[in-house]
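The values are calculated or read from the model by the stated rules, or taken from the named source; none is laboratory data. It should be emphasised that the depicted structure is a prediction, and the values quoted were computed from it without experimental measurement. No Cβ is skipped: glycine too gets one built from the backbone with ideal geometry, and neighbour counts run over all protein chains shown. Each accessible area value is taken on the protein alone, full model and side chains, heavy atoms only, with ligands, DNA and RNA left out. Shrake-Rupley method; radii C 1.70, N 1.55, O 1.52, S 1.80 Å.
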Protein chains: 2
Amino acid sequence: MDIQVERNVMAANNRAAEKLQKSLAGRGVFVINIMSSPGAGKTTLLEATARALKDELRLAVIEGDIQTSQDADRIAAQGVQAVQINTQGGCHLDAAMVGQALDLLDLDDLDLLIIENVGNLVCPAEFDLGEEAKVVLLSTPEGEDKPSKYPLMFRLSKALVINKVDLLPYLPFSMERVRKDVLDIQPELEIIELSAMTGQGLDGWLNWLRQGVARARKAAGEPDQG
Amino acid sequence: MDIQVERNVMAANNRAAEKLQKSLAGRGVFVINIMSSPGAGKTTLLEATARALKDELRLAVIEGDIQTSQDADRIAAQGVQAVQINTQGGCHLDAAMVGQALDLLDLDDLDLLIIENVGNLVCPAEFDLGEEAKVVLLSTPEGEDKPSKYPLMFRLSKALVINKVDLLPYLPFSMERVRKDVLDIQPELEIIELSAMTGQGLDGWLNWLRQGVARARKAAGEPDQG
(Lines give C-alpha, C1' and ligand atoms only; values in the text may rest on other atoms or scores of the structure.)
Protein backbone atom coordinates (compact mmCIF):
# COMPACT_ATOMS: atom_id res chain seq x y z
CA MET A 1 0.00 0.00 0.00
CA ASP A 2 2.80 2.44 0.86
CA ILE A 3 4.59 1.46 -2.33
CA GLN A 4 1.43 2.05 -4.37
CA VAL A 5 1.04 5.51 -2.87
CA GLU A 6 4.67 6.34 -3.53
CA ARG A 7 4.22 5.30 -7.17
CA ASN A 8 1.24 7.62 -7.49
CA VAL A 9 3.19 10.56 -6.05
CA MET A 10 6.09 9.86 -8.43
CA ALA A 11 3.79 9.43 -11.45
CA ALA A 12 2.02 12.72 -10.70
CA ASN A 13 5.39 14.47 -10.39
CA ASN A 14 6.66 12.94 -13.62
CA ARG A 15 3.60 14.23 -15.47
CA ALA A 16 4.03 17.72 -13.98
CA ALA A 17 7.76 17.69 -14.81
CA GLU A 18 7.09 16.70 -18.43
CA LYS A 19 4.60 19.53 -18.74
CA LEU A 20 7.17 21.99 -17.35
CA GLN A 21 9.85 20.70 -19.69
CA LYS A 22 7.55 21.17 -22.69
CA SER A 23 6.68 24.72 -21.65
CA LEU A 24 10.40 25.51 -21.18
CA ALA A 25 11.63 23.82 -24.37
CA GLY A 26 12.19 26.09 -27.32
CA ARG A 27 12.51 29.22 -25.18
CA GLY A 28 16.29 29.20 -25.21
CA VAL A 29 16.64 28.97 -21.42
CA PHE A 30 19.17 26.58 -19.86
CA VAL A 31 17.51 25.16 -16.72
CA ILE A 32 19.52 23.30 -14.08
CA ASN A 33 18.62 21.67 -10.76
CA ILE A 34 21.43 21.81 -8.17
CA MET A 35 21.40 19.25 -5.37
CA SER A 36 23.70 18.51 -2.42
CA SER A 37 23.92 17.85 1.31
CA PRO A 38 23.03 20.76 3.58
CA GLY A 39 26.01 23.07 3.86
CA ALA A 40 27.94 21.80 0.84
CA GLY A 41 27.97 25.33 -0.54
CA LYS A 42 25.18 25.59 -3.15
CA THR A 43 24.16 29.13 -2.22
CA THR A 44 27.76 30.36 -1.94
CA LEU A 45 28.40 28.95 -5.43
CA LEU A 46 25.29 30.70 -6.76
CA GLU A 47 26.34 34.01 -5.16
CA ALA A 48 29.69 33.74 -6.96
CA THR A 49 27.93 32.69 -10.17
CA ALA A 50 25.55 35.65 -9.99
CA ARG A 51 28.42 38.09 -9.44
CA ALA A 52 30.36 36.66 -12.38
CA LEU A 53 27.54 36.30 -14.93
CA LYS A 54 24.90 38.91 -14.17
CA ASP A 55 26.22 41.40 -16.75
CA GLU A 56 26.73 38.68 -19.37
CA LEU A 57 23.59 36.49 -19.12
CA ARG A 58 19.98 37.01 -18.03
CA LEU A 59 19.92 34.86 -14.91
CA ALA A 60 17.31 33.90 -12.30
CA VAL A 61 17.45 31.57 -9.30
CA ILE A 62 14.67 29.56 -7.63
CA GLU A 63 15.62 28.75 -4.03
CA GLY A 64 14.17 25.68 -2.30
CA ASP A 65 14.27 25.55 1.50
CA ILE A 66 12.16 24.04 4.24
CA GLN A 67 11.71 27.46 5.77
CA THR A 68 13.25 30.99 5.81
CA SER A 69 14.11 33.17 2.82
CA GLN A 70 17.78 33.50 3.80
CA ASP A 71 19.05 31.96 0.56
CA ALA A 72 16.86 34.02 -1.80
CA ASP A 73 17.92 37.13 0.12
CA ARG A 74 21.59 36.23 -0.41
CA ILE A 75 21.06 35.84 -4.18
CA ALA A 76 18.91 38.98 -4.51
CA ALA A 77 21.69 40.91 -2.75
CA GLN A 78 23.88 40.09 -5.79
CA GLY A 79 21.40 41.92 -8.03
CA VAL A 80 19.84 38.79 -9.54
CA GLN A 81 16.14 37.75 -9.57
CA ALA A 82 15.46 35.15 -6.87
CA VAL A 83 12.22 33.36 -5.99
CA GLN A 84 12.04 31.50 -2.67
CA ILE A 85 10.01 28.29 -2.30
CA ASN A 86 9.41 27.10 1.27
CA THR A 87 8.49 23.42 1.40
CA GLN A 88 7.12 23.66 4.98
CA GLY A 89 8.91 20.54 6.14
CA GLY A 90 9.15 18.82 2.76
CA CYS A 91 12.58 17.32 2.07
CA HIS A 92 12.73 18.13 -1.67
CA LEU A 93 11.23 20.36 -4.35
CA ASP A 94 8.65 18.95 -6.76
CA ALA A 95 7.58 20.01 -10.24
CA ALA A 96 4.32 21.59 -9.02
CA MET A 97 6.23 23.93 -6.67
CA VAL A 98 8.62 24.91 -9.47
CA GLY A 99 5.65 25.53 -11.80
CA GLN A 100 4.23 28.04 -9.31
CA ALA A 101 7.61 29.77 -8.98
CA LEU A 102 7.92 30.01 -12.79
CA ASP A 103 4.71 32.04 -12.89
CA LEU A 104 6.67 34.80 -11.11
CA LEU A 105 9.41 34.91 -13.77
CA ASP A 106 9.42 36.19 -17.36
CA LEU A 107 10.88 33.19 -19.18
CA ASP A 108 11.26 35.12 -22.44
CA ASP A 109 13.69 37.42 -20.64
CA LEU A 110 15.99 34.63 -19.36
CA ASP A 111 19.09 32.75 -20.54
CA LEU A 112 19.84 30.69 -17.44
CA LEU A 113 17.52 29.45 -14.69
CA ILE A 114 19.12 27.78 -11.68
CA ILE A 115 16.93 25.81 -9.27
CA GLU A 116 18.60 25.23 -5.90
CA ASN A 117 17.00 22.19 -4.30
CA VAL A 118 16.54 21.52 -0.56
CA GLY A 119 19.81 20.42 1.05
CA ASN A 120 19.48 16.63 1.05
CA LEU A 121 21.45 13.90 -0.80
CA VAL A 122 18.50 11.48 -0.92
CA CYS A 123 14.98 12.62 -1.85
CA PRO A 124 15.65 15.43 -4.38
CA ALA A 125 17.18 12.95 -6.85
CA GLU A 126 13.84 11.18 -7.27
CA PHE A 127 11.84 14.23 -8.35
CA ASP A 128 12.37 15.71 -11.82
CA LEU A 129 11.66 19.44 -11.98
CA GLY A 130 11.54 19.92 -15.76
CA GLU A 131 15.26 20.76 -15.80
CA GLU A 132 17.67 20.18 -18.67
CA ALA A 133 20.43 19.01 -16.34
CA LYS A 134 20.81 17.88 -12.75
CA VAL A 135 24.01 19.00 -11.00
CA VAL A 136 25.29 17.40 -7.80
CA LEU A 137 27.64 19.32 -5.54
CA LEU A 138 29.93 17.49 -3.11
CA SER A 139 32.12 19.36 -0.63
CA THR A 140 35.47 17.93 0.42
CA PRO A 141 34.74 17.86 4.21
CA GLU A 142 31.84 15.45 3.56
CA GLY A 143 34.31 12.71 2.76
CA GLU A 144 35.11 10.37 -0.10
CA ASP A 145 32.41 7.80 0.59
CA LYS A 146 29.36 9.83 -0.47
CA PRO A 147 29.11 8.65 -4.10
CA SER A 148 29.05 4.98 -3.09
CA LYS A 149 26.59 5.63 -0.24
CA TYR A 150 24.24 7.93 -2.21
CA PRO A 151 24.68 6.68 -5.79
CA LEU A 152 21.32 7.71 -7.28
CA MET A 153 22.03 11.45 -7.20
CA PHE A 154 25.42 10.93 -8.89
CA ARG A 155 23.97 8.54 -11.49
CA LEU A 156 21.28 11.03 -12.59
CA SER A 157 23.51 14.13 -12.76
CA LYS A 158 25.27 15.58 -15.78
CA ALA A 159 27.85 17.49 -13.73
CA LEU A 160 29.55 17.03 -10.35
CA VAL A 161 30.95 20.12 -8.67
CA ILE A 162 33.53 19.26 -5.99
CA ASN A 163 33.49 22.31 -3.73
CA LYS A 164 35.74 23.55 -0.88
CA VAL A 165 38.99 22.39 -2.51
CA ASP A 166 40.68 25.13 -0.42
CA LEU A 167 40.22 22.81 2.61
CA LEU A 168 42.02 19.83 1.00
CA PRO A 169 45.30 20.40 2.92
CA TYR A 170 43.43 19.84 6.21
CA LEU A 171 41.30 16.83 5.26
CA PRO A 172 41.65 13.12 4.52
CA PHE A 173 40.08 13.29 1.04
CA SER A 174 41.37 11.49 -2.04
CA MET A 175 40.27 13.28 -5.22
CA GLU A 176 41.50 10.23 -7.14
CA ARG A 177 39.20 7.86 -5.25
CA VAL A 178 36.16 10.13 -5.70
CA ARG A 179 36.83 10.55 -9.43
CA LYS A 180 37.08 6.79 -9.85
CA ASP A 181 33.93 6.08 -7.79
CA VAL A 182 31.73 8.64 -9.54
CA LEU A 183 32.88 7.62 -13.02
CA ASP A 184 32.07 3.99 -12.13
CA ILE A 185 28.54 5.18 -11.30
CA GLN A 186 28.16 7.67 -14.19
CA PRO A 187 30.89 7.59 -16.88
CA GLU A 188 29.51 10.70 -18.66
CA LEU A 189 29.73 12.93 -15.56
CA GLU A 190 31.51 16.27 -16.03
CA ILE A 191 33.67 16.83 -12.92
CA ILE A 192 34.50 20.41 -11.89
CA GLU A 193 36.76 21.11 -8.88
CA LEU A 194 36.47 24.54 -7.27
CA SER A 195 36.20 26.66 -4.15
CA ALA A 196 33.12 28.85 -4.24
CA MET A 197 34.53 30.83 -1.32
CA THR A 198 37.96 31.66 -2.76
CA GLY A 199 36.98 31.58 -6.45
CA GLN A 200 39.62 28.95 -7.30
CA GLY A 201 38.44 26.89 -10.30
CA LEU A 202 35.25 28.92 -10.77
CA ASP A 203 35.95 29.45 -14.50
CA GLY A 204 35.41 25.75 -15.24
CA TRP A 205 31.91 26.00 -13.77
CA LEU A 206 31.10 29.27 -15.57
CA ASN A 207 32.20 27.78 -18.89
CA TRP A 208 30.02 24.70 -18.33
CA LEU A 209 27.05 27.04 -17.77
CA ARG A 210 27.93 29.14 -20.86
CA GLN A 211 28.02 25.97 -22.99
CA GLY A 212 24.59 24.93 -21.69
CA VAL A 213 23.15 28.34 -22.50
CA ALA A 214 24.63 28.18 -26.02
CA ARG A 215 23.06 24.72 -26.56
CA ALA A 216 19.66 25.92 -25.30
CA ARG A 217 19.79 28.95 -27.64
CA LYS A 218 20.73 26.74 -30.60
CA ALA A 219 17.90 24.31 -29.80
CA ALA A 220 15.48 27.26 -29.76
CA GLY A 221 16.77 28.50 -33.13
CA GLU A 222 18.26 31.64 -31.61
CA PRO A 223 21.55 33.10 -32.87
CA ASP A 224 24.57 32.17 -30.72
CA GLN A 225 25.57 35.31 -28.85
CA GLY A 226 28.66 33.73 -27.33
CA MET B 1 -4.99 12.40 0.17
CA ASP B 2 -1.19 12.63 0.41
CA ILE B 3 -1.51 14.21 3.83
CA GLN B 4 -3.81 11.44 5.02
CA VAL B 5 -1.31 8.83 3.91
CA GLU B 6 1.54 10.64 5.61
CA ARG B 7 -0.45 10.74 8.85
CA ASN B 8 -1.02 6.99 8.63
CA VAL B 9 2.71 6.32 8.09
CA MET B 10 3.59 8.56 11.06
CA ALA B 11 0.93 7.02 13.29
CA ALA B 12 2.12 3.50 12.44
CA ASN B 13 5.71 4.51 13.23
CA ASN B 14 4.69 6.15 16.51
CA ARG B 15 2.96 2.93 17.60
CA ALA B 16 6.01 0.83 16.65
CA ALA B 17 8.34 3.29 18.43
CA GLU B 18 6.24 3.18 21.63
CA LYS B 19 6.35 -0.61 21.55
CA LEU B 20 10.15 -0.52 21.18
CA GLN B 21 10.50 2.00 23.99
CA LYS B 22 8.43 -0.22 26.29
CA SER B 23 10.50 -3.28 25.46
CA LEU B 24 13.73 -1.30 26.07
CA ALA B 25 12.58 0.44 29.28
CA GLY B 26 13.76 -1.14 32.50
CA ARG B 27 16.66 -2.99 30.85
CA GLY B 28 19.24 -0.41 31.87
CA VAL B 29 20.33 0.37 28.31
CA PHE B 30 20.87 4.01 27.23
CA VAL B 31 19.59 4.25 23.62
CA ILE B 32 20.41 7.25 21.42
CA ASN B 33 19.57 8.16 17.84
CA ILE B 34 22.28 10.22 16.11
CA MET B 35 21.27 12.36 13.13
CA SER B 36 23.12 14.78 10.84
CA SER B 37 23.81 15.81 7.25
CA PRO B 38 25.76 13.32 5.16
CA GLY B 39 29.45 13.68 5.92
CA ALA B 40 29.13 15.60 9.19
CA GLY B 41 31.17 12.89 10.89
CA LYS B 42 28.75 10.55 12.68
CA THR B 43 30.68 7.38 11.89
CA THR B 44 34.05 8.95 12.69
CA LEU B 45 32.63 10.04 16.07
CA LEU B 46 31.32 6.51 16.70
CA GLU B 47 34.69 4.98 15.79
CA ALA B 48 36.35 7.26 18.37
CA THR B 49 33.58 6.49 20.89
CA ALA B 50 33.98 2.74 20.39
CA ARG B 51 37.76 2.95 20.88
CA ALA B 52 37.36 5.00 24.07
CA LEU B 53 34.51 3.11 25.73
CA LYS B 54 34.64 -0.51 24.57
CA ASP B 55 36.54 -1.72 27.66
CA GLU B 56 34.36 0.32 30.01
CA LEU B 57 30.80 -0.18 28.71
CA ARG B 58 28.95 -2.87 26.80
CA LEU B 59 28.28 -1.03 23.55
CA ALA B 60 26.52 -1.79 20.25
CA VAL B 61 25.84 0.29 17.16
CA ILE B 62 23.01 0.07 14.62
CA GLU B 63 24.06 1.68 11.33
CA GLY B 64 21.45 3.12 8.97
CA ASP B 65 22.43 3.69 5.35
CA ILE B 66 20.69 3.65 2.00
CA GLN B 67 23.09 1.03 0.77
CA THR B 68 26.54 -0.50 1.51
CA SER B 69 27.83 -1.83 4.84
CA GLN B 70 30.83 0.52 4.90
CA ASP B 71 29.81 2.16 8.17
CA ALA B 72 29.07 -1.05 10.08
CA ASP B 73 32.40 -2.42 8.83
CA ARG B 74 34.19 0.66 10.23
CA ILE B 75 32.56 0.19 13.65
CA ALA B 76 33.12 -3.58 13.73
CA ALA B 77 36.81 -2.93 12.98
CA GLN B 78 36.96 -1.17 16.39
CA GLY B 79 35.90 -4.43 18.09
CA VAL B 80 32.30 -3.37 18.79
CA GLN B 81 29.05 -5.11 17.74
CA ALA B 82 27.53 -3.40 14.69
CA VAL B 83 24.33 -4.18 12.79
CA GLN B 84 23.82 -2.61 9.38
CA ILE B 85 20.37 -1.60 8.16
CA ASN B 86 20.07 -0.76 4.45
CA THR B 87 16.98 1.31 3.70
CA GLN B 88 17.15 0.58 -0.08
CA GLY B 89 16.58 4.21 -1.04
CA GLY B 90 14.67 5.26 2.08
CA CYS B 91 15.85 8.60 3.48
CA HIS B 92 15.52 7.72 7.20
CA LEU B 93 15.29 4.79 9.61
CA ASP B 94 11.92 3.82 11.08
CA ALA B 95 10.99 1.95 14.24
CA ALA B 96 10.13 -1.27 12.40
CA MET B 97 13.65 -1.44 10.88
CA VAL B 98 15.22 -0.83 14.29
CA GLY B 99 12.98 -3.52 15.81
CA GLN B 100 14.35 -6.07 13.33
CA ALA B 101 17.93 -5.02 14.07
CA LEU B 102 17.31 -5.37 17.83
CA ASP B 103 16.44 -9.04 17.29
CA LEU B 104 20.11 -9.55 16.39
CA LEU B 105 21.39 -8.05 19.68
CA ASP B 106 21.30 -9.36 23.27
CA LEU B 107 19.80 -6.36 25.07
CA ASP B 108 20.50 -7.85 28.50
CA ASP B 109 24.20 -7.69 27.67
CA LEU B 110 24.25 -3.97 26.74
CA ASP B 111 24.79 -0.62 28.49
CA LEU B 112 24.73 1.70 25.51
CA LEU B 113 23.04 1.33 22.13
CA ILE B 114 23.79 3.95 19.49
CA ILE B 115 21.60 4.16 16.39
CA GLU B 116 23.25 6.06 13.54
CA ASN B 117 20.50 7.35 11.27
CA VAL B 118 20.73 7.93 7.50
CA GLY B 119 22.67 11.13 6.69
CA ASN B 120 19.86 13.66 6.21
CA LEU B 121 18.89 16.79 8.22
CA VAL B 122 15.19 16.54 7.31
CA CYS B 123 13.30 13.24 7.38
CA PRO B 124 14.99 11.37 10.28
CA ALA B 125 13.72 13.95 12.79
CA GLU B 126 10.11 12.95 12.11
CA PHE B 127 10.53 9.25 12.95
CA ASP B 128 10.97 8.17 16.56
CA LEU B 129 12.95 4.95 16.94
CA GLY B 130 12.20 4.12 20.57
CA GLU B 131 15.31 6.03 21.69
CA GLU B 132 15.84 7.77 25.02
CA ALA B 133 17.56 10.74 23.38
CA LYS B 134 18.00 12.19 19.91
CA VAL B 135 21.41 13.72 19.20
CA VAL B 136 22.07 16.08 16.30
CA LEU B 137 25.56 16.52 14.94
CA LEU B 138 26.56 19.66 13.02
CA SER B 139 29.97 20.05 11.42
CA THR B 140 31.58 23.46 11.16
CA PRO B 141 32.03 23.41 7.33
CA GLU B 142 28.24 23.14 6.92
CA GLY B 143 27.85 26.73 8.08
CA GLU B 144 26.08 28.68 10.78
CA ASP B 145 22.66 28.79 9.13
CA LYS B 146 21.67 25.14 9.54
CA PRO B 147 19.73 25.46 12.85
CA SER B 148 17.48 28.20 11.47
CA LYS B 149 16.99 26.37 8.16
CA TYR B 150 16.39 22.89 9.67
CA PRO B 151 14.91 23.72 13.10
CA LEU B 152 12.91 20.52 13.75
CA MET B 153 15.93 18.30 14.26
CA PHE B 154 17.48 20.77 16.70
CA ARG B 155 14.19 21.27 18.57
CA LEU B 156 13.74 17.52 19.17
CA SER B 157 17.31 16.75 20.24
CA LYS B 158 18.72 16.56 23.76
CA ALA B 159 22.31 17.14 22.67
CA LEU B 160 24.06 18.97 19.84
CA VAL B 161 27.57 17.85 18.91
CA ILE B 162 29.46 20.51 16.93
CA ASN B 163 32.10 18.50 15.07
CA LYS B 164 35.23 19.42 13.07
CA VAL B 165 36.24 22.30 15.36
CA ASP B 166 39.81 21.66 14.10
CA LEU B 167 38.72 23.36 10.83
CA LEU B 168 37.52 26.57 12.54
CA PRO B 169 40.66 28.58 11.62
CA TYR B 170 39.87 28.07 7.91
CA LEU B 171 36.11 28.72 7.94
CA PRO B 172 33.66 31.60 8.35
CA PHE B 173 31.78 30.04 11.29
CA SER B 174 30.66 31.89 14.39
CA MET B 175 30.25 29.52 17.35
CA GLU B 176 28.53 32.36 19.19
CA ARG B 177 25.84 32.73 16.53
CA VAL B 178 25.18 28.97 16.40
CA ARG B 179 24.93 28.71 20.19
CA LYS B 180 22.45 31.59 20.26
CA ASP B 181 20.36 30.20 17.38
CA VAL B 182 20.10 26.65 18.75
CA LEU B 183 19.28 27.81 22.28
CA ASP B 184 16.51 29.99 20.84
CA ILE B 185 15.11 26.82 19.23
CA GLN B 186 15.77 24.45 22.15
CA PRO B 187 16.89 26.06 25.45
CA GLU B 188 17.60 22.68 27.12
CA LEU B 189 20.05 21.53 24.45
CA GLU B 190 23.40 20.25 25.72
CA ILE B 191 26.09 21.63 23.37
CA ILE B 192 29.34 19.70 22.97
CA GLU B 193 32.16 21.03 20.76
CA LEU B 194 34.71 18.51 19.50
CA SER B 195 36.78 17.12 16.66
CA ALA B 196 36.12 13.42 16.16
CA MET B 197 39.21 13.24 13.93
CA THR B 198 41.75 14.81 16.31
CA GLY B 199 40.05 13.82 19.59
CA GLN B 200 39.85 17.44 20.82
CA GLY B 201 36.86 17.82 23.18
CA LEU B 202 35.92 14.13 22.99
CA ASP B 203 35.77 13.82 26.81
CA GLY B 204 32.70 16.08 26.99
CA TRP B 205 30.86 13.68 24.68
CA LEU B 206 32.03 10.55 26.53
CA ASN B 207 30.90 12.04 29.85
CA TRP B 208 27.48 12.86 28.42
CA LEU B 209 27.16 9.21 27.34
CA ARG B 210 28.34 7.95 30.76
CA GLN B 211 25.70 10.10 32.50
CA GLY B 212 23.00 8.69 30.23
CA VAL B 213 24.10 5.13 30.99
CA ALA B 214 24.07 5.89 34.74
CA ARG B 215 20.53 7.29 34.47
CA ALA B 216 19.32 4.25 32.50
CA ARG B 217 20.84 1.89 35.10
CA LYS B 218 19.23 3.80 37.94
CA ALA B 219 15.84 3.76 36.17
CA ALA B 220 16.18 -0.02 35.81
CA GLY B 221 17.03 -0.39 39.52
CA GLU B 222 20.57 -1.56 38.78
CA PRO B 223 23.49 -0.55 41.00
CA ASP B 224 25.49 2.40 39.65
CA GLN B 225 28.79 0.96 38.39
CA GLY B 226 30.27 4.38 37.62
Given the criterion under 17 Å from A:Gly41 (Cβ atoms), open to solvent by less than 80 Å² (accessible area, probe 1.4 Å), out of contact with any His (no Cβ under 9 Å at 6 or more places or on another chain) and away from chain B (no Cβ under 14 Å), identify the matching residue among A:Gly204, A:Gly212, A:Gly221. A:Gly204
Counting just the residues of region B:59-77 that are more than 20 Å from B:Leu121 (Cβ to Cβ) and open to solvent by less than 30 Å² (accessible area, probe 1.4 Å), which one comes out nearest to the chain's Cα centre (by Cα)? B:Val61
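Among the listed residues A:Leu168, A:Leu121, A:Leu138, identify the single one that is within 12 Å of chain B (Cβ to nearest Cβ), over 14 Å from the mean Cα position of the chain (by Cα) and either not in a loop (DSSP other than H, G, I, E, B) or not small (Gly, Ala, Ser) (or both). Can you show your working first?
Working: A:Leu121 fails: over 14 Å from the mean Cα position of the chain (by Cα); A:Leu138 fails: over 14 Å from the mean Cα position of the chain (by Cα).
Of A:Leu168, A:Leu121, A:Leu138, the one residue that is within 12 Å of chain B (Cβ to nearest Cβ), over 14 Å from the mean Cα position of the chain (by Cα) and either not in a loop (DSSP other than H, G, I, E, B) or not small (Gly, Ala, Ser) (or both) is A:Leu168.
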Sort out which residues of region A:26-47 are open to solvent by 10 Å² or more (accessible area, probe 1.4 Å) and out of contact with any strand residue (DSSP E or B) (no Cβ under 9 Å at 6 or more places or on another chain), and write them in order of number. A:Gly26, A:Arg27, A:Glu47
All but one of (1) in contact with a Ser or Thr (Cβ under 6 Å, 6 or more places away or on another chain); (2) open to solvent by 10 Å² or more (accessible area, probe 1.4 Å); (3) under 29 Å from A:Lys218 (Cα atoms) hold for A:Leu107, so report the exception by its number. (1)
Within region B:141-165, how many residues are facing chain A (nearest Cβ under 9 Å), surrounded by fewer than 23 Cβ atoms within 10 Å (Cβ to Cβ) and not hydrophobic (A, V, I, L, M, F, W, C)? 5
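Restricting to region B:171-191, and then to whatever is assigned to a helix (DSSP H, G or I) and within 14 Å of another protein chain (Cβ to nearest Cβ), can you tell me which residue is least open to solvent (accessible area, probe 1.4 Å)?
Quick first cut of region B:171-191, residues assigned to a helix (DSSP H, G or I) only: B:175-185.
Narrowing the set further to residues that are within 14 Å of another protein chain (Cβ to nearest Cβ) leaves B:177-178, B:181, B:184-185.
Details: B:Arg177: 91, B:Val178: 0, B:Asp181: 33, B:Asp184: 104, B:Ile185: 38 Å².
Per the criteria, the residue is B:Val178.
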Any chance region A:12-25 includes a residue that's within 10 Å of another protein chain (Cβ to nearest Cβ) and either charged (D, E, K, R) or open to solvent by less than 30 Å² (accessible area, probe 1.4 Å) (or both)? no
Examine region B:84-98 for a residue that is more than 10 Å from chain A (Cβ to nearest Cβ), on the phi > 0 side of the Ramachandran plot and of a type in the set (S, T, N, Q), and state whether such a residue exists. yes
